[in-house]
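Chemist: One structure follows; several queries about it will come next.
The values are calculated or read from the model by the stated rules, or taken from the named source; none is laboratory data. None of the values given here were measured: they were computed from a predicted structure. Here the Cβ positions follow ideal geometry from the backbone for every residue, glycine too, while neighbour counts run over all protein chains shown.
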Amino acid sequence: MLKKIVIFILRWEAKSALNKFHPRVVAITGSVGKTSAKEAIAAVLGLKFSIRKSPKSYNSELGVPLTILGLSSEWQSGWGWIKNIVRGIGVLFAKNYPEVLVLEMGVDRPGDMDAMAALVSPFVGVVTAIGEVPVHVEFFPGPTAVAEEKGKMLEAIMPEGFSVLNGDDDVVRDLAARARGTTFTFGFGAGSDIRISQYRLVETRGEGAVIPEGIAFKLDYRGSTLPVRIQGAFGKQQTYAAAAAVAVGAAFGLNPVEMVEALGAYTAPPGRLRAIEGIRHSIILDDSYNASPIAMHAALDVLRDMPATRRIAVLGDMLEIGKFTIPAHQAMGELAASLADIVWTVGPRAKFIAKEARDRGMAAEAVREFSSSTDAASALQEILQAGDVVLVKGSQSMRMERVTEAVMAHPEEAPQLLCRQEEYWKRKE
C-alpha cells in the first residue's frame, strides 16, 4: 500500500513538472538494447540541448517519474521516500529544467505500459528490438502480447512527433501501423531510412596478442555515407544503438556530421558487451547486465568473431521466458558448441545449454556446470591463459558480474566498469 501511495504522489509531481516545463521527451522501449540506445541518443542530443536521461535502468512505473523529477531510488528506506516526495515538490519551483528527457520504458507484466503512456506524450518514440522470444514473456500469453504492450508507447506519441523503429526486427516492423507522426526505420536492411553497412571489428596488436579495440561501420542517410567508429563496444547491437541515435537526432534537426562526431565519445554502458582486460593477458567480454535469447545469441556471435587462442563461454540462466525456457537454452547450447572451445554454465536452467553442447559433440571435459556465479568465478581463475577470450552473460539475478570481477586484471576498476556495484547490490545475495 505504501508503495502505491508513493508512486501516486511521484506521478502527480512528475506530471506537474511536464506540464510546467514542457520538455521534449524521447521514449525508448524494446526487449533488448534500450539502455545502449538511451546512452547513444543522449550523446547525440547533448550536442545542442540540455538533457536528462534515465539513470541505470529506471524504466518502470516508478523509475520513469523518478527520472522526470531527477530523483534517485531510496530502495527500502521509508524515510528516504518521504524526502523524495518533498524534493519532488521542490522540482516544481526550479528555475532550470532539462530541454529534453531521454526515458527508458520497460514492461514486465500486462498493463505496465499503460501507466507510463498515460504520464508521458513522447516527441520521439524508439523501439529497439523485441525478437521472437522476448525477455519478460513469462507473464504474458505469448510474444505477440509483449509486442502489443510495448506498442502502446507508439500510440502515445505526439501527432507532430516521430516513431523510430528497428527495421530488421519483424516484430517491431509489425508495430508500424500503430506508430504516430513521421516514421524512421534503421537497420542493415536495404529499405531502412538509416542503413547500417560495412560493420567490422577494430583490432590492435599488443604484447604479442591481438587486442579488440572497438567497432567501425557506416550509416547511409539521405544520400550521405557517415563513417562511425566506437571504442570499447562490440557487436552489431551497438550499431543499432548508433543508428537509432542518428534517427532521433534527425528528428531534432541536428547535423549528421556532428552526430557522428558525438557518437565517437559514446561508450557502451557497464555490463553491455564491453571488453575488459583479464588476468594473464586474457580478454573478458562482459555482457553480465541481463540476458534474453536474442541478446545471448548476439553476444555469442561476437565471441565467434573475436581473435582468440581459446573462446570460453560462461553462460547463466535466462529468466522470465516462461514456456520457452528449455528450447531457448537448448538453442544457445547448440550455438555455443559451434564456436566455443569451453562452455560453462551457471544455474539450473543453463544446464540445458550444457547438455545441448555435449549432445552437439563437445568433449565432456570442455563443458562444466556450476550452481552459482561465485563457484564459476573461482574455477575460471584457475584456467585462464594468455589469448583467451571469455564471454560472461546471464540474467540479472544470476549476478554474472561476479565472474567478471574475479578475473579482471584490474579489479579496482570494477566500480567504473561493471554493473550492480552499488552498496545495495553488494549486500544482496
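Chemist: Residues that are of a type in the set (S, T, Y), over 19 Å from the mean Cα position of the chain (by Cα) and not in a strand (DSSP E or B): does the stretch 217-240 have at least one?
Modeler: Taking the stretch 217-240 and keeping what is of a type in the set (S, T, Y), we get 221, 224-225, 239-240.
Narrowing further to those that are over 19 Å from the mean Cα position of the chain (by Cα): 221, 224-225.
Next, only the ones that are not in a strand (DSSP E or B) stay: none.
Checking the stretch 217-240: not a single residue is of a type in the set (S, T, Y), over 19 Å from the mean Cα position of the chain (by Cα) and not in a strand (DSSP E or B).
Chemist: Right, something else. Among T128, T67, which is the only one that is among the polar types (S, T, N, Q), within 23 Å of L2 (Cβ to Cβ), at pLDDT 95 or above and within 22 Å of the chain's Cα centre (by Cα)? Explain how you work it out, then say what you get.
Modeler: Numbers: T128 fails: within 23 Å of L2 (Cβ to Cβ).
Going through T128, T67 in turn, just one is among the polar types (S, T, N, Q), within 23 Å of L2 (Cβ to Cβ), at pLDDT 95 or above and within 22 Å of the chain's Cα centre (by Cα): T67.
Chemist: Look at the stretch 374-423 and say how many of its residues are among the hydroxyl-bearing types (S, T, Y) and under 21 Å from the mean Cα position of the chain (by Cα).
Modeler: First, pick out the residues of the stretch 374-423 that are among the hydroxyl-bearing types (S, T, Y): 374, 378, 395, 397, 404.
Checking which are under 21 Å from the mean Cα position of the chain (by Cα) leaves us with 395, 397, 404.
So the count comes out to 3.
Chemist: Return the total of residues in the stretch 1-51 being out of contact with any strand residue (DSSP E or B) (no Cβ under 8 Å at 6 or more places or on another chain) and basic (K, R).
Modeler: 6
Chemist: Using the structure shown, decide if A336 is out of contact with any Phe, Trp or Tyr (no Cβ under 9 Å at 6 or more places or on another chain), buried (at least 21 other Cβ atoms within 10 Å of the Cβ) and among the aliphatic types (A, V, I, L, M).
Modeler: On the way: out of contact with any Phe, Trp or Tyr (no Cβ under 9 Å at 6 or more places or on another chain): yes; buried (at least 21 other Cβ atoms within 10 Å of the Cβ): yes; among the aliphatic types (A, V, I, L, M): yes.
The answer is yes for A336.
Chemist: Checking the condition over 22 Å from E277 (Cβ atoms) and at pLDDT 95 or above, which residue from A241, A176 passes? So that I can check it myself, show each step before the final result.
Modeler: Details: A176 fails: at pLDDT 95 or above.
From the options A241, A176, the qualifying one is A241.
Chemist: If you go through the stretch 102-130, how many residues are basic (K, R) and within 17 Å of A176 (Cα to Cα)?
Modeler: Within the stretch 102-130, the subset basic (K, R) is 109.
Going one step further and asking which of them are within 17 Å of A176 (Cα to Cα), we end up with none.
The qualifying residues number 0.
Chemist: State all residues of the stretch 184-213 that are closer than 23 Å to H281 by Cα, at pLDDT 80 or above and touching a helix residue (DSSP H, G or I) at 6+ places or on another chain (Cβ under 7 Å); if no residue qualifies, say none.
Modeler: L201 - this is the single residue of the stretch 184-213 that is closer than 23 Å to H281 by Cα, at pLDDT 80 or above and touching a helix residue (DSSP H, G or I) at 6+ places or on another chain (Cβ under 7 Å).
Chemist: Any chance you could count how many residues in the stretch 141-163 are out of contact with any helix residue (DSSP H, G or I) (no Cβ under 6 Å at 6 or more places or on another chain) and hydroxyl-bearing (S, T, Y)?
Modeler: Selection size over the stretch 141-163: 1.
Chemist: Let me ask something additional. Output yes when any residue across the stretch 6-21 is surrounded by 22 or more Cβ atoms within 10 Å (Cβ to Cβ) and among the β-branched types (V, I, T), and no when none is.
Modeler: The answer is no, given that none of the residues of the stretch 6-21 is surrounded by 22 or more Cβ atoms within 10 Å (Cβ to Cβ) and among the β-branched types (V, I, T).
Chemist: For L154, indicate whether it is surrounded by 23 or more Cβ atoms within 10 Å (Cβ to Cβ), hydrophobic (A, V, I, L, M, F, W, C), modelled with pLDDT of 95 or more and in contact with a Lys or Arg (Cβ under 6 Å, 6 or more places away or on another chain).
Modeler: Details: surrounded by 23 or more Cβ atoms within 10 Å (Cβ to Cβ): yes; hydrophobic (A, V, I, L, M, F, W, C): yes; modelled with pLDDT of 95 or more: yes; in contact with a Lys or Arg (Cβ under 6 Å, 6 or more places away or on another chain): yes.
Yes, satisfied.
Chemist: Within the stretch 291-319, count every residue that is crowded, with 24+ Cβ neighbours inside 10 Å and assigned to a loop (DSSP other than H, G, I, E, B).
Modeler: Residues that pass the stated criteria total 3.
Chemist: Restricting the search to the stretch 392-429, which residues are within 16 Å of R280 (Cα to Cα) and in contact with a strand residue (DSSP E or B) (Cβ under 7 Å, 6 or more places away or on another chain)? Before the answer, list the steps.
Modeler: Restricting attention to the stretch 392-429, the residues satisfying the condition of being within 16 Å of R280 (Cα to Cα) are 403-411.
Within the stretch 392-429, V403, T404, V407, M408, A409, H410 qualify.
Chemist: Answer yes if at least one residue in the stretch 407-416 is of a type in the set (A, V, I, L, M), crowded, with 16+ Cβ neighbours inside 10 Å, assigned to a loop (DSSP other than H, G, I, E, B) and in contact (Cβ under 8 Å) with a residue 40 or more places away in the chain, and no otherwise.
Modeler: Scanning the stretch 407-416, I find no residue that is of a type in the set (A, V, I, L, M), crowded, with 16+ Cβ neighbours inside 10 Å, assigned to a loop (DSSP other than H, G, I, E, B) and in contact (Cβ under 8 Å) with a residue 40 or more places away in the chain, so the answer is no.
Chemist: From the list I82, I68, which one is of a type in the set (A, V, I, L, M, F, W, C) and either in contact (Cβ under 8 Å) with a residue 60 or more places away in the chain or buried (at least 24 other Cβ atoms within 10 Å of the Cβ) (or both)?
Modeler: Working: I82 fails: either in contact (Cβ under 8 Å) with a residue 60 or more places away in the chain or buried (at least 24 other Cβ atoms within 10 Å of the Cβ) (or both).
Matching residue, one of I82, I68: I68.
Chemist: Could you tell me whether the stretch 24-43 includes any residue that is surrounded by fewer than 16 Cβ atoms within 10 Å (Cβ to Cβ) and either farther than 25 Å from S288 by Cα or not polar (S, T, N, Q) (or both)? Can you show your working first?
Modeler: Within the stretch 24-43, the subset surrounded by fewer than 16 Cβ atoms within 10 Å (Cβ to Cβ) is none.
The answer is no; no qualifying residue exists.
To keep it simple, each residue is scored yes or no on (1) surrounded by 20 or more Cβ atoms within 10 Å (Cβ to Cβ); (2) among the polar types (S, T, N, Q).
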site	(1), (2)
E160	no, no
A176	no, no
F234	yes, no
T239	yes, yes
V257	no, no
A262	yes, no
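Chemist: Moving to a separate point now. Quick one: which of D174, D170, D114 is among the charged types (D, E, K, R), within 18 Å of K15 (Cβ to Cβ) and without any contact (Cβ under 8 Å) to a residue 40 or more places away in the chain? Before the answer, list the steps.
Modeler: Details: D174 fails: within 18 Å of K15 (Cβ to Cβ); D170 fails: within 18 Å of K15 (Cβ to Cβ).
Being among the charged types (D, E, K, R), within 18 Å of K15 (Cβ to Cβ) and without any contact (Cβ under 8 Å) to a residue 40 or more places away in the chain holds for just one of D174, D170, D114, which is D114.
Chemist: Sticking with this one: Picking from G88, G106, which residue would you name as being in a loop (DSSP other than H, G, I, E, B), surrounded by 21 or more Cβ atoms within 10 Å (Cβ to Cβ) and touching a residue at least 40 places away in the same chain (Cβ under 8 Å)?
Modeler: Numbers: G88 fails: in a loop (DSSP other than H, G, I, E, B).
Being in a loop (DSSP other than H, G, I, E, B), surrounded by 21 or more Cβ atoms within 10 Å (Cβ to Cβ) and touching a residue at least 40 places away in the same chain (Cβ under 8 Å) holds for just one of G88, G106, which is G106.
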